[in-house]
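A short worksheet on the structure shown next.
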Amino acid sequence: MKRLSLTLLLCLAIASPARAESPPVTPPGPGDAASDPPLTAAEFDALTRGRTMDTHDADIGLYGVETFLSGKRVIWRDAERCMHGSWEQVGEQICFLYEDNPGRPVCWTYHDRGGWLMGFYEGRRDSVPIMLYPAQGPLVCDGFIGA
């Protein structure tokens, strides 16, 4: 199953529009974000609205792509699915609700890293962070049922 997921991820990367060069996938240590507060909803929206971002993790590498639309709406795509969602600020976290599980928010704190964003799941700075790097072009969901 893991091999199938990796194959699908590779196909996703090949089928996606050309991507801008991304910074190295080596994340800064959690302490690097300790001194700066998480982005507010207004700051997060200003940095993401109208953009498509590649989502990386130090363990997996590229594992998804997200387009941020107006009205706090998003489209997420990974090797297994393409779905619509929305986001809102809850406390210091940015919480996403996706159509596959609308009752279960997925929450992160985000930090601006000057051209890319670093996020911590549920604000836990002791966890492996994700990195969002700018990508090119809108997200395409062709071939996904329900998209």
Worksheet, complete the sentence: Given (1) surrounded by fewer than 19 Cβ atoms within 10 Å (Cβ to Cβ); (2) closer than 18 Å to residue 78 by Cβ; (3) touching a strand residue (DSSP E or B) at 6+ places or on another chain (Cβ under 8 Å), residue 101 misses just (3)
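Residue by residue, here is whether (1) of a type in the set (A, V, I, L, M, F, W, C); (2) outside any strand (DSSP E or B); (3) within 16 Å of residue 133 (Cβ to Cβ); (4) modelled with pLDDT under 95 holds:
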| site | (1), (2), (3), (4) |
| --- | --- |
| 14 | yes, yes, no, yes |
| 19 | no, yes, yes, yes |
| 35 | no, yes, no, yes |
| 42 | yes, yes, no, no |
| 53 | yes, no, yes, no |
| 64 | no, no, yes, yes |
| 68 | yes, no, yes, no |
| 89 | no, no, no, no |
| 111 | no, no, yes, no |
Worksheet item: Can you spot a residue in region 124-145 that is in contact with an Asp or Glu (Cβ under 9 Å, 6 or more places away or on another chain) and of a type in the set (D, E, K, R)?
Response: no
Worksheet item: Out of all the residues in region 71-92, is one or more over 18 Å from residue 41 (Cα atoms), more than 13 Å from the chain's Cα centre (by Cα) and without any contact (Cβ under 8 Å) to a residue 12 or more places away in the chain?
Response: no
Worksheet item: In region 65-86, how many are closer than 19 Å to residue 137 by Cβ and among the small types (Gly, Ala, Ser)?
Response: 2
Worksheet item: In region 114-126, is there at least one residue being touching a Gly at 6+ places or on another chain (Cβ under 6 Å), assigned to a strand (DSSP E or B) and not charged (D, E, K, R)?
Response: no
Worksheet entry | Residue among 47, 62 that is surrounded by 15 or more Cβ atoms within 10 Å (Cβ to Cβ), within 14 Å of the chain's Cα centre (by Cα) and farther than 21 Å from residue 140 by Cβ | 47
Discussion item. I'd like to check something: does region 94-101 contain any residue that is modelled with pLDDT under 95, part of a loop (DSSP other than H, G, I, E, B) and within 12 Å of the chain's Cα centre (by Cα)?
Written reply: no
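The values are calculated or read from the model by the stated rules, or taken from the named source; none is laboratory data. In this text the structure is predicted, and so the values were computed from the model without any measurement. Cβ sites come from the backbone with ideal geometry, for glycine too, and all protein chains shown count toward neighbours.
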